[in-house]
Amino acid sequence: MTSPALWIQGARLRTLPLALAPVLLGTGSAVLAGAFDALMFALALLVAVSLQVGVNYANDYSDGVRGTDDVRVGPARLTGSGAVDAHLVKRAAFISFGVALGAGALIIVLSGLWWFALVGALAVVAAWLYTGGPKPYGYAGLGEVVVFVFFGLVATTGTAAIMIGEIPVESWLTGSAAGFFAAAVLLVNNIRDIEQDTQAGKTTLAVRVGRKPAIGILIVFLFMPYLILAALSLVFFFAPVVFITSVLTGVIIVIVVVAKNPRELITALGLMTMNALLYAMGLALAIAL
């Protein structure tokens, strides 16, 4: 029997704030429109968390069977370390995706937004093909782009749409902000693993451009949410308060820039997911009020 602690470790709970952030932002728009629905919020959160956990297990499985995780700097993976049989990790990924699809189907029935079926299917396919399948896009430097789209724009606008019935204008901006944070987290993870990924033939964006240019791109990713915040501050009175989270963003950038070895970037990863969540909580409240 595999211990629950191993499965919790494999789920990578520290990444879950990235799933919560866009749901909060989309909900902020729904409250603004007077259309908040507690059931829809719970279902949207279930979809987001299930997809996040699913992609974590899927990544664990696919990288493990490919041998990419044979040598790791970060926490040991279930498959790569041999702690759990590969087929069980794959099953856990599919169960997580199944939960997401089930919750998504209920959302579709309740909201009547049938075009969401295509969005949900694409989200699951994208989650699996990140490192799975014959030509995973995560091995071609496209991970940050797809994460930006699905864990930013799609999650935020989708949450707002299932409550309001349409996509409000501001959710495109808030969704972009969430997407930049999610892409930044993935990029830091890939900067940390740049040497191991190079050896394994995993051509991430960090591997493709090199460490210093990747850090430059990271700084741009982390700057963009605050540029978006500046624009939203012209409309939402309390939005400028969220700029206080930029202090944490600055600390993260310093950690990444001065890091002498890959292990030091693990701290930056944890702080960045919290940064994304605090930003989302503050901006969602500013929009709702």
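The values are calculated or read from the model by the stated rules, or taken from the named source; none is laboratory data. All values reported here derive from a predicted model rather than from experimental measurement. Ideal geometry is used to build each Cβ from the backbone, glycine not excepted, and the neighbour counts take in all protein chains shown.
May I ask you to verify whether ALA83 is part of a loop (DSSP other than H, G, I, E, B) and either in contact with a strand residue (DSSP E or B) (Cβ under 8 Å, 6 or more places away or on another chain) or over 30 Å from LEU289 (Cα atoms) (or both)? For ALA83, the condition - part of a loop (DSSP other than H, G, I, E, B) and either in contact with a strand residue (DSSP E or B) (Cβ under 8 Å, 6 or more places away or on another chain) or over 30 Å from LEU289 (Cα atoms) (or both) - is met. On inspection, ALA288 qualifies as small (Gly, Ala, Ser) and within 23 Å of THR156 (Cα to Cα). Evaluation of GLY132 against the conditions (1) of a type outside the set (S, T, N, Q); (2) over 21 Å from ASP37 (Cα atoms); (3) not in a loop (DSSP other than H, G, I, E, B) shows that the sole unmet condition is (3).
Out of the residues in segment 89-116 that are among the aromatic types (Phe, Trp, Tyr) and within 22 Å of ILE167 (Cβ to Cβ), which is modelled with the highest pLDDT? Per the stated criteria, the residue is TRP114.
Every residue, every condition in (1) under 26 Å from ALA286 (Cβ atoms); (2) modelled with pLDDT of 95 or more; (3) surrounded by 14 or more Cβ atoms within 10 Å (Cβ to Cβ); (4) among the basic types (Lys, Arg), yes or no:
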site	(1), (2), (3), (4)
ILE191	no, no, yes, no
GLU195	no, no, no, no
LYS212	no, no, no, yes
LEU218	yes, yes, yes, no
TYR226	yes, yes, yes, no
SER246	yes, yes, yes, no
PRO262	no, no, yes, no
THR267	no, no, yes, no
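The residues of segment 269-281 that are among the small types (Gly, Ala, Ser) and buried (at least 21 other Cβ atoms within 10 Å of the Cβ), listed by number, are ALA276, ALA280.
Rundown of residues vs (1) of a type in the set (Val, Ile, Thr); (2) over 21 Å from GLY179 (Cα atoms), yes/no style:
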site	(1), (2)
SER3	no, yes
LEU20	no, no
ALA44	no, no
VAL49	yes, no
ASP60	no, yes
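Among residues of segment 88-143 being among the charged types (D, E, K, R) and either surrounded by fewer than 18 Cβ atoms within 10 Å (Cβ to Cβ) or in contact (Cβ under 8 Å) with a residue 40 or more places away in the chain (or both), the one that is farthest from ALA42 (Cα to Cα) is LYS135.
Every condition in (1) over 22 Å from ALA19 (Cα atoms); (2) assigned to a loop (DSSP other than H, G, I, E, B) holds for LEU88 except the one numbered (2).
Starting from residues that are of a type outside the set (Val, Ile, Thr) and in contact with a Leu (Cβ under 7 Å, 6 or more places away or on another chain), keep the ones in segment 155-170 and report whichever is farthest from ALA123 (Cα to Cα). Per the criteria, the residue is GLU170. The set of residues in segment 135-160 being hydrophobic (A, V, I, L, M, F, W, C), in a helix (DSSP H, G or I), out of contact with any Pro (no Cβ under 7 Å at 6 or more places or on another chain) and under 16 Å from GLY179 (Cβ atoms) consists of VAL145, VAL146, VAL147, PHE148, VAL149, PHE150, LEU153, VAL154.
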